[in-house]
Amino acid sequence: MPGFSTILIANRGEIACRILRSAHDLGYRSVAVFSEADADARHVDLADMALCIGPPPATESYLSIANILGAAQRAGADAIHPGYGFLSENEAFATACAEAGITFIGPPPEAIRRMGNKAEAKRLMIAAGVPCVPGYSGEDQSDERLLAEAPKVGFPLLVKAAAGGGGRGMRLVGSMEEFVAALASARSEAKNAFGSDEVILERAVQGARHVEIQVFADSHGACVHLGERDCSVQRRHQKVIEEAPSPAVNADLRARMGAAAVQAAQAIGYVGAGTVEFLLGQDGAFYFLEMNTRLQVEHPVTELCTGLDLVELQLKVAAGEPLPLTQADVALRGHAIEVRLYAEDPYSGFLPQAGPVVAWSPALADGVHTRVDHGLGAAQEITPYYDPMVAKVIAHGDSREDARRRLSRALRETVLLGPPHNKRFLLDVLDHPTFIAGEATTRFVESELDPAVTTAKAPSPGEWALAALLWAAEGRELERSDDPWRSNEGDGFPIELSCGEQRALLAVRLLAPGRASVRGCPGSQGPVEVALLGADGPRRRVAIDGLRERVHAARDGDTLLLERDGALHRFAEVVPRGPADAGPTVGDGTVRSPTIGRLVALPVAVGDAVEPDTVVAIVEAMKIETSLTAGVRGIVATLHLEVGAQVKAKGLLVTIDPEAEPTPAA
C-alpha cells in the first residue's frame, strides 16, 4: 500500500490554498511552489515550505516538469497534487512522478492519455456504449477530409481542439461558407494553446445544457458517482456559474447519467476524482463531451450538497485506501451555486484584465451556507501570466432559491477593487428571470441575455456626487482650502471628474463635515446631497439623498475606485492637457492592444493594403486570443513588435497610413 507524508502542490491561487486546507487537516506536511510573480501569494504563506520554481511565464515555472520534480526532491516531498489546469492532465508529468518514486495524486497516466485527446476519448466511449454527439473524430486531419465530413455532420457544428479544453480551439460554425475560416482559426488557437492542431467535428446540440457527473474510483475496483453539476452558464465556452443539482435533472435521469459516467470511468481503469461531462438536450437525451481527469474548479458545490471533502477523498484514495462509501451512501442535500469572480471586462468581450489589487476582502463565510475560495495575498497583483479568476463564491441552501439569495448577498459583500471585474455581471445573471427559473442553456450568455446586462452601466447621479465628496474629503481639493468643511455660499467649489469617456464639471457645496450638496451630476436636474457616515476599510456607509447604504471605495494613485451594488467605476480628476498630450483617436491608423498579453500573430506585413475589418494582429491574454482589426483603409506602415513579444495594455502594435496608396505592381 502506497503511503506518503509530505505533499507538494504543483499549482497556485485558490486551488493550491484549497488543497492545503485538507492536507493540513489530515496531518500532512505541505510544500508550495511559486513563480517569481507569485512570491507574495497566499498559498506560499499557508504552506509549511515553499520553493520558487522559475520566472513568471508558466512554461518556465508551473508547466516545467523538471522544475517541479526538482522542488519535490529538495523539499523531501513524496507526493504531488497537481490541482487543476497546468500539469494536472499531463500524462508525461504523472509518469515522471512515478519514475521518481513520488505518488501522483490523480489517475494513472494511461487514463490521462486516453481521455486527453478528445478524438481518442470519443472513440473509446463509443466502444464502451456511452452516448456520444454525432460527428467526426477520425485520424485523417487533412483539410480535404474535414471539408468532406462537415456537411455530413450537419450545421450548425462545432470545430473543437482534440487536445484541449476550456473553449480554446473551439468554433461554432453555422454554414459551409464559414467553415474554412473557422477551421483555420480553431487550428491556430489549438496549436498555440496545446501544441497540436488536431480537431474533431461535432453537431451543435441546440438549446442544450452542460451537465457533468462527478465520479470517484479507488484502486480496489470501486467506483461511484456523486451526482451532477449544471454548468450551462458560460462565456466563450468557459464556465461562469455552476450549481448542484441541475434544475433539469430528476432522479431517474440522474441515475442513468451517473451510470453512464461510472461506465466511462471503468472503461479506462480510472482511479481518483474525475468528471464526465455531457450535453443534455431538451428532449432528455444526453451525449458524452469529455472526461476531465482531475478535480474540477466547481467541486465545492458537490461538497456542499454531499457533505464530502473531495480533496480528502483524493488523498485517501492516492494513499491506497478504499473508498469509504458505496453508491447507496451518496445522498444530495439541498442546493448549491458557485460563481467565478474574474478580473475581466464583461462589457468588452470578457477581455482579461490585470493590475494591482487595491482592496480585497472576501465576504464572511461559515463554510456551511457560504464559502469563498481564493488565493489572494496582501498587496498582490493580478498578472497577465495566469487565468484571471480571482475567487469562487459559493452558497448552499435548503432550496435553489435559498442558495441563490445567499450567493447574491455574499457576492455583494465581497470587496474587490483594482482591475475591472465581472461582479455586477454575475449579480445580473443571478437576478435574471431565466436563471431564477432554472432554464439557462449554454447559449444563455451569448444569445438570451438582455442588452442591459451586457452593457456597462454608467455612473448614476448619486455616484458622481459621492465620487466628488470622496475626492473633496480625501483628495486634492482638501489641499486647496484652509478649511474645506466650512459652509460654502453660492454654487460651491468646482471639481471636474471623468469616468470612462464621460466627463462632468461638478460644483461641491460642503454643508458639514462629511456632507455635501453636489450640482452638475450627469442625469440629474438639481443638486444631489451625499454624506459619509462611517468606514471599515474600503467598506463605506454613505447616504445618497437621504438613503443610507453601503459602498466600496478606495484610492489607487490618482484614481478613485467606487463600487456600488457590484458595479465598479473609476473616477479621475480631469487635468487640462495640451495638444501634444492628446492620445490617438479611434480609427486614426494606430492599432493598440486592449489588454496586457502576448503577440501571437501578425497576419500582415509592411506595405500591405488593408481594409477596416482586416485582422492585423492577434493578442493572447490569459489563454484567450483576441483578433485586432485595422479600423481604417490604408497601407501598413510599421509593425512595432515581433510575434512572441509581451505587450502592454494600450501598447502600440501596428501603424497604418490611411493616406497612402498601394504600390503599383511592376
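The values are calculated or read from the model by the stated rules, or taken from the named source; none is laboratory data. None of the values given here were measured: they were computed from a predicted structure. Glycine also receives a Cβ, built like all others from the backbone with ideal geometry; neighbour counts cover every protein chain displayed.
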Meets criteria (at negative phi, crowded, with 23+ Cβ neighbours inside 10 Å and at pLDDT below 95) for LYS160: yes
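Take ALA10 and decide whether it is surrounded by 21 or more Cβ atoms within 10 Å (Cβ to Cβ) and farther than 22 Å from VAL339 by Cα. Even if it seems obvious, please write down each step before you answer.
Values: surrounded by 21 or more Cβ atoms within 10 Å (Cβ to Cβ): yes; farther than 22 Å from VAL339 by Cα: yes.
Against the criterion (surrounded by 21 or more Cβ atoms within 10 Å (Cβ to Cβ) and farther than 22 Å from VAL339 by Cα), ALA10 qualifies.
What number of residues within region 406-424 are in contact with a helix residue (DSSP H, G or I) (Cβ under 9 Å, 6 or more places away or on another chain) and either without any contact (Cβ under 8 Å) to a residue 12 or more places away in the chain or of a type outside the set (Val, Ile, Thr) (or both)? Write out each step before concluding.
Of region 406-424, the ones in contact with a helix residue (DSSP H, G or I) (Cβ under 9 Å, 6 or more places away or on another chain) are 407-408, 411-412, 414, 416, 423.
If we keep only those that are either without any contact (Cβ under 8 Å) to a residue 12 or more places away in the chain or of a type outside the set (Val, Ile, Thr) (or both) as well, we get 407-408, 411-412, 416, 423.
Going through region 406-424 one residue at a time, the tally reaches 6.
Within region 541-556, track down each residue that is of a type outside the set (Gly, Ala, Ser), within 20 Å of THR414 (Cα to Cα) and in contact (Cβ under 8 Å) with a residue 24 or more places away in the chain. Walk me through it before giving the result.
First, pick out the residues of region 541-556 that are of a type outside the set (Gly, Ala, Ser): 541-542, 544-545, 547-552, 555-556.
Remaining after also requiring within 20 Å of THR414 (Cα to Cα): 541-542, 548-552, 555-556.
Of everything in region 541-556, those that are of a type outside the set (Gly, Ala, Ser), within 20 Å of THR414 (Cα to Cα) and in contact (Cβ under 8 Å) with a residue 24 or more places away in the chain turn out to be VAL542, VAL551, HIS552, ARG555, ASP556.
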Check on ALA32, under 21 Å from VAL357 (Cβ atoms), crowded, with 21+ Cβ neighbours inside 10 Å and of a type outside the set (Ser, Thr, Tyr): yes
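Wholly within region 613-666, which strands (runs of 3 or more DSSP E) include no fewer than the required count, namely at least 3 residues that are out of contact with any strand residue (DSSP E or B) (no Cβ under 9 Å at 6 or more places or on another chain), at pLDDT below 85 and under 23 Å from ALA186 (Cα atoms)?
Working: elements: 615-621, 624-629, 634-639, 652-657.
The strands (runs of 3 or more DSSP E) meeting that bar number zero.
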Residue count, region 148-179 (criterion: in contact with a helix residue (DSSP H, G or I) (Cβ under 7 Å, 6 or more places away or on another chain) and among the aliphatic types (A, V, I, L, M)): 9
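Can you tell me how many residues within region 80-135 are in a helix (DSSP H, G or I) and either under 28 Å from the mean Cα position of the chain (by Cα) or of a type outside the set (A, V, I, L, M, F, W, C) (or both)? Let's see the steps before the verdict.
Residues of region 80-135 in a helix (DSSP H, G or I): 91-99, 109-116, 118-128.
Now drop any that are not either under 28 Å from the mean Cα position of the chain (by Cα) or of a type outside the set (A, V, I, L, M, F, W, C) (or both), which leaves 91-95, 99, 109-116, 118-123.
Summing the residues that are in a helix (DSSP H, G or I) and either under 28 Å from the mean Cα position of the chain (by Cα) or of a type outside the set (A, V, I, L, M, F, W, C) (or both) in region 80-135 gives 20.
Yes or no, residue by residue, for (1) at pLDDT 95 or above; (2) under 20 Å from PRO107 (Cα atoms); (3) basic (Lys, Arg); (4) in a strand (DSSP E or B):
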residue	(1), (2), (3), (4)
GLU242	yes, no, no, yes
LEU253	yes, no, no, no
LEU295	yes, yes, no, no
LEU323	yes, yes, no, no
Flag for ALA365 being surrounded by fewer than 22 Cβ atoms within 10 Å (Cβ to Cβ), more than 19 Å from ILE241 (Cα to Cα) and modelled with pLDDT under 95: no
Exclusive hit being closer than 27 Å to ALA41 by Cβ and not in a strand (DSSP E or B), set ALA379, ALA328: ALA379
Residues (under 20 Å from LEU295 (Cβ atoms) and either in contact with a Gly (Cβ under 6 Å, 6 or more places away or on another chain) or surrounded by 24 or more Cβ atoms within 10 Å (Cβ to Cβ) (or both)) located in region 39-62: ALA41, ARG42, HIS43, ALA47, TYR62
Among (1) assigned to a helix (DSSP H, G or I); (2) buried (at least 22 other Cβ atoms within 10 Å of the Cβ); (3) among the acidic types (Asp, Glu) - the single one GLU177 does not satisfy: (2)
Residue identified as modelled with pLDDT of 95 or more and in contact with a helix residue (DSSP H, G or I) (Cβ under 8 Å, 6 or more places away or on another chain) among ALA71, ALA77: ALA77
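Could you go through region 584-599 and let me know if any residue there is modelled with pLDDT under 95, more than 26 Å from ILE382 (Cα to Cα), buried (at least 17 other Cβ atoms within 10 Å of the Cβ) and outside the structural domain of ALA359 (by TED's automatic domain parsing).
To start, the set of residues in region 584-599 that are modelled with pLDDT under 95 comprises 584-599.
Checking the rest, the ones that are also more than 26 Å from ILE382 (Cα to Cα) come to 584-590.
Retained after the next criterion (residues that are buried (at least 17 other Cβ atoms within 10 Å of the Cβ)): 589-590.
Add one more test, that the residue is outside the structural domain of ALA359 (by TED's automatic domain parsing), and what stays is 589-590.
The answer is yes, given that some residue of region 584-599 is modelled with pLDDT under 95, more than 26 Å from ILE382 (Cα to Cα), buried (at least 17 other Cβ atoms within 10 Å of the Cβ) and outside the structural domain of ALA359 (by TED's automatic domain parsing).
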VAL31, sole failed condition from (1) assigned to a strand (DSSP E or B); (2) under 23 Å from PHE194 (Cβ atoms): (2)
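Let's see how each residue does on (1) more than 32 Å from the chain's Cα centre (by Cα); (2) among the hydroxyl-bearing types (Ser, Thr, Tyr); (3) at negative phi; (4) at pLDDT 95 or above:
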position	(1), (2), (3), (4)
VAL528	yes, no, yes, yes
GLY557	no, no, no, no
GLU563	no, no, yes, yes
LEU568	no, no, yes, yes
Given (1) part of a loop (DSSP other than H, G, I, E, B); (2) out of contact with any helix residue (DSSP H, G or I) (no Cβ under 7 Å at 6 or more places or on another chain), index of the condition GLU277 fails: (1)
Considering residues of region 473-513 that are assigned to a loop (DSSP other than H, G, I, E, B) and under 22 Å from GLY526 (Cβ atoms) only, the residue modelled with the highest pLDDT: GLY492
Close pairs (7 angstrom Cβ cut-off, 6 or more residues apart or separate chains): under 11 Å from PHE34 (Cβ atoms) in region 53-81, among the basic types (Lys, Arg) and assigned to a loop (DSSP other than H, G, I, E, B) anywhere: TYR62/ARG12
Boolean, SER88 is surrounded by 19 or more Cβ atoms within 10 Å (Cβ to Cβ), in contact with a Lys or Arg (Cβ under 9 Å, 6 or more places away or on another chain) and within 24 Å of GLY320 (Cα to Cα): yes
Count of residues meeting criterion [in contact (Cβ under 8 Å) with a residue 24 or more places away in the chain and either out of contact with any His (no Cβ under 8 Å at 6 or more places or on another chain) or not assigned by TED's automatic domain parsing to the domain that holds LEU308 (or both)] in region 217-255: 26
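Among the residues of region 191-199, is any surrounded by 23 or more Cβ atoms within 10 Å (Cβ to Cβ) and at pLDDT below 95?
Within region 191-199, one or more residues are surrounded by 23 or more Cβ atoms within 10 Å (Cβ to Cβ) and at pLDDT below 95.
Here is a yes/no grid of residues against (1) of a type in the set (S, T, N, Q); (2) over 17 Å from the mean Cα position of the chain (by Cα); (3) within 27 Å of LEU304 (Cβ to Cβ); (4) not in a helix (DSSP H, G or I):
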position: ALA395; (1), (2), (3), (4): no, yes, yes, yes
position: PRO419; (1), (2), (3), (4): no, no, no, yes
position: ARG424; (1), (2), (3), (4): no, no, yes, no
position: VAL429; (1), (2), (3), (4): no, no, yes, no
position: PRO459; (1), (2), (3), (4): no, yes, no, yes
position: ALA467; (1), (2), (3), (4): no, yes, no, no
